[in-house]
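*Asks:* Below: one structure in C-alpha coordinates.
The values are calculated or read from the model by the stated rules, or taken from the named source; none is laboratory data. For clarity, every value in this text was computed on a predicted model and none was experimentally measured. Heads up, the Cβs are rebuilt from the backbone with ideal geometry, glycines too, and the neighbour counts pull from every protein chain shown. Ligands, DNA and RNA are stripped out before the accessible areas are found, and what is left, the full protein with its side chains, is counted by its heavy atoms. Shrake-Rupley method; radii C 1.70, N 1.55, O 1.52, S 1.80 Å.
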Amino acid sequence: MLSIVDDLAGFGPLRMCAHASSADDPDDPDDLTGLRVLLVADVLARVMELRGRTVLVGWTCPASAAADAAGIRPADAHGTPDELTEALGGPPGVHLTSRTYEGKGGMSLQIGEAVTGGGAHRDTSSRDTDQDTGQGMDQGTGQGAAPDPLALRLLLLGHAHHAPVDVSGKALGAGGEKLADWRAKVAAWADEPSRAMPAEFVREATAALENGLDTPAVLRLLDDLEKAAGVPGGAKFETFAYFDRVLGLEIVRDVGRSRPAEVYR
(Lines give C-alpha, C1' and ligand atoms only; values in the text may rest on other atoms or scores of the structure.)
Protein backbone atom coordinates (compact mmCIF):
# COMPACT_ATOMS: atom_id res chain seq x y z
CA MET A 1 0.00 0.00 0.00
CA LEU A 2 1.41 3.38 -1.02
CA SER A 3 0.32 6.40 0.96
CA ILE A 4 1.79 9.83 0.28
CA VAL A 5 1.48 11.56 3.64
CA ASP A 6 4.09 14.30 3.44
CA ASP A 7 7.03 15.50 1.41
CA LEU A 8 10.41 14.05 2.24
CA ALA A 9 12.29 15.94 4.91
CA GLY A 10 14.64 18.62 3.68
CA PHE A 11 15.20 19.79 0.16
CA GLY A 12 16.31 18.03 -2.98
CA PRO A 13 14.67 15.60 -5.39
CA LEU A 14 12.86 12.35 -4.82
CA ARG A 15 14.83 9.66 -6.65
CA MET A 16 13.06 6.62 -8.07
CA CYS A 17 14.29 3.45 -9.76
CA ALA A 18 12.00 1.55 -12.16
CA HIS A 19 13.22 -2.04 -12.45
CA ALA A 20 12.47 -3.46 -15.91
CA SER A 21 14.69 -5.63 -18.07
CA SER A 22 12.96 -4.41 -21.24
CA ALA A 23 9.81 -2.51 -22.20
CA ASP A 24 9.92 -2.14 -25.96
CA ASP A 25 7.67 -4.96 -27.22
CA PRO A 26 4.09 -4.79 -25.87
CA ASP A 27 3.37 -8.12 -27.60
CA ASP A 28 5.82 -9.80 -25.18
CA PRO A 29 4.29 -10.33 -21.71
CA ASP A 30 7.59 -9.59 -19.96
CA ASP A 31 8.05 -6.35 -21.89
CA LEU A 32 4.42 -5.39 -21.31
CA THR A 33 4.92 -5.86 -17.57
CA GLY A 34 8.10 -3.79 -17.81
CA LEU A 35 6.17 -1.07 -19.60
CA ARG A 36 3.64 -1.09 -16.80
CA VAL A 37 6.41 -0.63 -14.24
CA LEU A 38 7.65 2.42 -16.17
CA LEU A 39 4.09 3.77 -16.38
CA VAL A 40 3.53 3.53 -12.62
CA ALA A 41 6.84 5.31 -12.05
CA ASP A 42 5.72 8.02 -14.47
CA VAL A 43 2.37 8.51 -12.73
CA LEU A 44 3.93 8.55 -9.26
CA ALA A 45 6.45 11.15 -10.44
CA ARG A 46 3.62 13.30 -11.81
CA VAL A 47 1.70 13.09 -8.52
CA MET A 48 4.78 14.14 -6.55
CA GLU A 49 5.48 17.01 -8.97
CA LEU A 50 1.94 18.33 -8.39
CA ARG A 51 2.89 18.42 -4.71
CA GLY A 52 5.91 20.55 -5.56
CA ARG A 53 8.59 17.84 -5.32
CA THR A 54 11.29 17.53 -7.94
CA VAL A 55 11.55 13.92 -9.09
CA LEU A 56 14.40 12.06 -10.80
CA VAL A 57 13.58 8.70 -12.38
CA GLY A 58 16.04 6.03 -13.45
CA TRP A 59 15.29 2.90 -15.46
CA THR A 60 17.22 -0.36 -15.40
CA CYS A 61 16.17 -0.90 -19.04
CA PRO A 62 17.17 1.05 -22.17
CA ALA A 63 15.11 3.84 -23.70
CA SER A 64 11.84 2.49 -25.09
CA ALA A 65 9.86 3.51 -28.16
CA ALA A 66 6.82 1.74 -26.66
CA ALA A 67 7.15 3.89 -23.54
CA ASP A 68 7.28 7.01 -25.70
CA ALA A 69 4.10 5.89 -27.50
CA ALA A 70 2.38 5.34 -24.14
CA GLY A 71 3.14 8.90 -23.05
CA ILE A 72 5.79 7.88 -20.50
CA ARG A 73 8.36 10.59 -20.08
CA PRO A 74 11.99 9.61 -20.75
CA ALA A 75 14.15 8.51 -17.85
CA ASP A 76 16.73 10.82 -16.35
CA ALA A 77 19.23 7.95 -16.37
CA HIS A 78 19.61 4.28 -17.33
CA GLY A 79 21.70 1.52 -15.77
CA THR A 80 22.00 -0.82 -12.82
CA PRO A 81 20.71 0.32 -9.42
CA ASP A 82 24.30 1.17 -8.40
CA GLU A 83 24.84 3.13 -11.61
CA LEU A 84 21.56 4.96 -11.09
CA THR A 85 22.57 5.92 -7.56
CA GLU A 86 25.61 7.67 -9.01
CA ALA A 87 23.80 9.16 -12.01
CA LEU A 88 20.88 10.51 -9.96
CA GLY A 89 23.13 11.96 -7.28
CA GLY A 90 22.02 9.64 -4.48
CA PRO A 91 20.25 6.36 -3.72
CA PRO A 92 16.66 5.97 -4.95
CA GLY A 93 14.06 6.41 -2.22
CA VAL A 94 11.48 4.38 -4.16
CA HIS A 95 11.97 1.18 -6.15
CA LEU A 96 9.23 0.01 -8.53
CA THR A 97 9.37 -3.60 -9.66
CA SER A 98 7.20 -6.50 -10.77
CA ARG A 99 9.27 -8.84 -8.60
CA THR A 100 10.45 -8.78 -5.02
CA TYR A 101 13.21 -6.23 -4.65
CA GLU A 102 16.03 -7.40 -2.40
CA GLY A 103 18.18 -4.32 -2.49
CA LYS A 104 18.96 -2.21 0.54
CA GLY A 105 17.29 1.07 1.31
CA GLY A 106 14.26 2.76 -0.15
CA MET A 107 10.63 1.80 -0.35
CA SER A 108 9.68 -1.00 -2.77
CA LEU A 109 6.40 -0.79 -4.69
CA GLN A 110 5.43 -4.04 -6.42
CA ILE A 111 3.61 -3.83 -9.77
CA GLY A 112 1.23 -6.52 -11.00
CA GLU A 113 2.04 -8.39 -14.19
CA ALA A 114 0.44 -7.55 -17.51
CA VAL A 115 -0.36 -10.18 -20.12
CA THR A 116 -1.69 -10.04 -23.63
CA GLY A 117 -3.75 -12.67 -25.40
CA GLY A 118 -2.18 -12.37 -28.81
CA GLY A 119 -0.63 -8.94 -28.73
CA ALA A 120 -1.47 -5.48 -27.48
CA HIS A 121 -1.37 -3.98 -30.97
CA ARG A 122 -2.74 -6.73 -33.16
CA ASP A 123 -5.72 -8.99 -32.66
CA THR A 124 -4.92 -12.68 -32.85
CA SER A 125 -6.74 -13.90 -29.74
CA SER A 126 -9.99 -15.83 -30.03
CA ARG A 127 -11.71 -13.74 -27.39
CA ASP A 128 -11.44 -10.61 -29.54
CA THR A 129 -12.56 -12.07 -32.86
CA ASP A 130 -15.91 -11.80 -34.60
CA GLN A 131 -17.73 -13.79 -31.94
CA ASP A 132 -17.11 -10.95 -29.45
CA THR A 133 -17.14 -7.68 -31.38
CA GLY A 134 -17.88 -8.43 -34.98
CA GLN A 135 -14.77 -6.53 -36.02
CA GLY A 136 -11.92 -7.76 -33.83
CA MET A 137 -9.69 -5.12 -32.28
CA ASP A 138 -10.54 -2.56 -34.97
CA GLN A 139 -14.04 -2.20 -33.56
CA GLY A 140 -14.57 1.51 -32.92
CA THR A 141 -11.23 2.57 -34.34
CA GLY A 142 -11.96 2.31 -38.05
CA GLN A 143 -11.50 -0.74 -40.27
CA GLY A 144 -7.82 -1.58 -40.45
CA ALA A 145 -6.88 1.40 -38.26
CA ALA A 146 -4.35 1.07 -35.46
CA PRO A 147 -5.71 1.94 -31.99
CA ASP A 148 -4.76 5.18 -30.28
CA PRO A 149 -1.36 4.44 -28.69
CA LEU A 150 -2.57 6.09 -25.48
CA ALA A 151 -5.41 3.55 -25.29
CA LEU A 152 -2.88 1.16 -23.75
CA ARG A 153 -2.02 3.77 -21.12
CA LEU A 154 -5.72 4.27 -20.36
CA LEU A 155 -6.27 0.51 -20.07
CA LEU A 156 -3.38 0.06 -17.64
CA LEU A 157 -4.42 3.09 -15.57
CA GLY A 158 -7.88 1.56 -15.28
CA HIS A 159 -6.49 -1.22 -13.08
CA ALA A 160 -4.90 -1.03 -9.65
CA HIS A 161 -1.12 -0.98 -10.07
CA HIS A 162 -0.65 -4.07 -7.91
CA ALA A 163 -3.27 -6.18 -9.71
CA PRO A 164 -2.61 -8.26 -12.84
CA VAL A 165 -4.12 -6.87 -16.04
CA ASP A 166 -5.05 -8.64 -19.27
CA VAL A 167 -4.54 -6.52 -22.39
CA SER A 168 -6.80 -7.36 -25.32
CA GLY A 169 -7.55 -5.83 -28.67
CA LYS A 170 -11.19 -5.38 -27.69
CA ALA A 171 -10.22 -3.40 -24.59
CA LEU A 172 -7.80 -1.23 -26.56
CA GLY A 173 -10.49 -0.45 -29.11
CA ALA A 174 -12.86 0.60 -26.34
CA GLY A 175 -10.10 2.73 -24.81
CA GLY A 176 -9.51 4.51 -28.09
CA GLU A 177 -13.23 5.31 -28.35
CA LYS A 178 -13.23 6.61 -24.79
CA LEU A 179 -10.29 8.92 -25.43
CA ALA A 180 -11.82 10.27 -28.64
CA ASP A 181 -15.10 10.98 -26.83
CA TRP A 182 -13.42 12.72 -23.89
CA ARG A 183 -11.23 14.83 -26.17
CA ALA A 184 -14.24 15.99 -28.18
CA LYS A 185 -16.14 16.93 -25.03
CA VAL A 186 -13.17 18.68 -23.44
CA ALA A 187 -12.64 20.69 -26.64
CA ALA A 188 -16.29 21.80 -26.49
CA TRP A 189 -16.12 22.65 -22.77
CA ALA A 190 -13.05 24.79 -23.48
CA ASP A 191 -15.31 27.21 -25.40
CA GLU A 192 -17.32 27.93 -22.26
CA PRO A 193 -16.34 30.46 -19.56
CA SER A 194 -13.79 29.10 -17.14
CA ARG A 195 -15.12 27.99 -13.77
CA ALA A 196 -13.49 26.73 -10.59
CA MET A 197 -12.96 22.99 -10.28
CA PRO A 198 -15.56 21.27 -8.04
CA ALA A 199 -13.93 21.20 -4.61
CA GLU A 200 -15.37 17.84 -3.55
CA PHE A 201 -14.25 16.18 -6.77
CA VAL A 202 -10.72 17.55 -6.39
CA ARG A 203 -10.59 16.37 -2.78
CA GLU A 204 -11.71 12.84 -3.67
CA ALA A 205 -9.47 12.51 -6.72
CA THR A 206 -6.42 13.84 -4.88
CA ALA A 207 -7.06 11.50 -1.95
CA ALA A 208 -7.32 8.57 -4.37
CA LEU A 209 -3.96 9.38 -5.92
CA GLU A 210 -2.23 9.92 -2.59
CA ASN A 211 -3.67 6.77 -1.00
CA GLY A 212 -2.73 3.81 -3.13
CA LEU A 213 -2.04 5.69 -6.37
CA ASP A 214 -5.63 4.81 -7.24
CA THR A 215 -5.88 5.88 -10.88
CA PRO A 216 -8.96 3.65 -11.49
CA ALA A 217 -10.85 5.73 -8.90
CA VAL A 218 -9.79 8.96 -10.63
CA LEU A 219 -11.03 7.64 -13.98
CA ARG A 220 -14.36 6.67 -12.40
CA LEU A 221 -14.67 10.14 -10.89
CA LEU A 222 -14.01 11.71 -14.28
CA ASP A 223 -16.75 9.51 -15.75
CA ASP A 224 -19.13 10.79 -13.09
CA LEU A 225 -18.05 14.40 -13.65
CA GLU A 226 -18.57 14.09 -17.39
CA LYS A 227 -22.21 13.15 -16.81
CA ALA A 228 -22.88 15.64 -13.98
CA ALA A 229 -25.67 17.88 -15.24
CA GLY A 230 -25.17 20.54 -12.58
CA VAL A 231 -21.48 21.23 -13.28
CA PRO A 232 -20.70 23.95 -15.85
CA GLY A 233 -18.67 22.94 -18.90
CA GLY A 234 -15.92 25.38 -17.94
CA ALA A 235 -15.49 23.65 -14.58
CA LYS A 236 -15.38 20.26 -16.27
CA PHE A 237 -12.70 21.50 -18.65
CA GLU A 238 -10.49 22.83 -15.84
CA THR A 239 -10.85 19.59 -13.87
CA PHE A 240 -10.13 17.25 -16.78
CA ALA A 241 -7.13 19.38 -17.80
CA TYR A 242 -5.74 19.46 -14.25
CA PHE A 243 -5.92 15.72 -13.58
CA ASP A 244 -4.60 14.90 -17.04
CA ARG A 245 -1.31 16.31 -15.74
CA VAL A 246 -1.16 13.02 -13.80
CA LEU A 247 -3.01 10.71 -16.18
CA GLY A 248 -1.05 11.86 -19.25
CA LEU A 249 -3.81 10.95 -21.72
CA GLU A 250 -3.58 14.15 -23.81
CA ILE A 251 -7.23 14.85 -23.08
CA VAL A 252 -6.90 18.53 -24.08
CA ARG A 253 -5.01 18.00 -27.32
CA ASP A 254 -8.05 18.76 -29.54
CA VAL A 255 -8.78 22.11 -27.91
CA GLY A 256 -8.82 24.79 -30.62
CA ARG A 257 -8.96 22.31 -33.48
CA SER A 258 -11.84 22.30 -35.95
CA ARG A 259 -14.50 19.75 -35.11
CA PRO A 260 -17.98 18.70 -36.29
CA ALA A 261 -20.89 21.08 -35.83
CA GLU A 262 -22.39 18.82 -33.17
CA VAL A 263 -21.13 20.03 -29.81
CA TYR A 264 -20.81 17.65 -26.90
CA ARG A 265 -22.20 18.86 -23.60
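*Asks:* Starting from the Cα of E204, step 7 Å along the direction of its Cβ; do the same at D30; then give the gap between the two resulting points in nm.
*Replies:* Those two pseudo-labels are separated by 4.2 nm.
*Asks:* Whose amide H sits under 5 Å from the amide H of H95, counting only residues 5 or more places off or on another chain, with H placed in the peptide plane?
*Replies:* C17, M107, S108, L109
*Asks:* Could you please state how large a percent of the accessible area of the range 14-56 is carbon and sulfur, counting protein chains only and using a 1.4 Å probe?
*Replies:* On the way: 490 of 1240 Å².
The C+S portion of the solvent-accessible surface of the range 14-56 is 40 percent.
*Asks:* As a test of reading the structure, rank E200, E192 by solvent-accessible area (1.4 Å probe, protein chains only), most first.
*Replies:* Values: E200 95, E192 55 Å².
Ranked from most to least accessible, the order is E200, E192.
*Asks:* Still on this structure, please answer the following. Starting from the Cα of A180, step 7 Å along the direction of its Cβ; do the same at R99; then give the gap between the two resulting points in nm.
*Replies:* That separation, rounded to one decimal, is 4.0 nm.
*Asks:* While we're here: Could you work out the per residue convex hull volume over the alpha carbons of the range 160-207, in cubic angstrom? Working shown, then result.
*Replies:* Details: hull volume 4.3 nm³, N = 48.
Output value, Cα hull per residue: 90 Å³.
*Asks:* Quick one: which residues, 5 or more positions from V55 or on another chain, have an amide H under 5 Å from its amide H? H modelled 1.01 Å from N in the peptide plane, none for Pro or chain starts.
*Replies:* L14
*Asks:* If you don't mind, another one. Please turn the phi angles of the range 56-61 into ³J(HN,Hα) values with the Karplus equation 6.51 cos²θ - 1.76 cosθ + 1.60 (θ = phi - 60°), one per residue in order, whole Hz, x for glycine and proline.
*Replies:* 10, 10, x, 10, 8, 10
*Asks:* Apply the Karplus parameterisation 6.51 cos²θ - 1.76 cosθ + 1.60, with θ equal to phi minus 60°, to every residue of the range 216-232 and state each ³J(HN,Hα) to the nearest whole Hz, in sequence, with x for glycine and proline.
*Replies:* x, 5, 5, 5, 5, 5, 5, 4, 5, 5, 4, 8, 5, 5, x, 9, x
*Asks:* If you take the Cα Rg of the range 145-265 and divide it by 2.2 N^0.38 Å, with N the number of residues, what do you get?
*Replies:* Numbers: Rg = 14.4 Å, N = 121, 2.2 N^0.38 = 13.6 Å.
That ratio works out to 1.06.
*Asks:* Which residues does the label zone of R257 cover in the range 180-208, counting backbone N under 15 Å from a point 7 Å along Cα→Cβ?
*Replies:* 180-190
*Asks:* Let me ask something additional. Short version: ³J(HN,Hα) in whole Hz for each residue of the range 64-81, in order, from phi by Karplus 6.51 cos²θ - 1.76 cosθ + 1.60 (θ = phi - 60°), x for Gly and Pro, what are they?
*Replies:* 10, 5, 5, 5, 4, 5, 8, x, 7, 5, x, 6, 7, 7, 10, x, 6, x
*Asks:* I want to verify the translational diffusion coefficient of the range 55-99 in µm²/s; compute it with Stokes-Einstein, Rh as the Kirkwood radius over Cα pairs, at 10 °C and 1.306 mPa s.
*Replies:* Values: Rh = 11.1 Å.
Stokes-Einstein gives a translational diffusion coefficient of 143 µm²/s.
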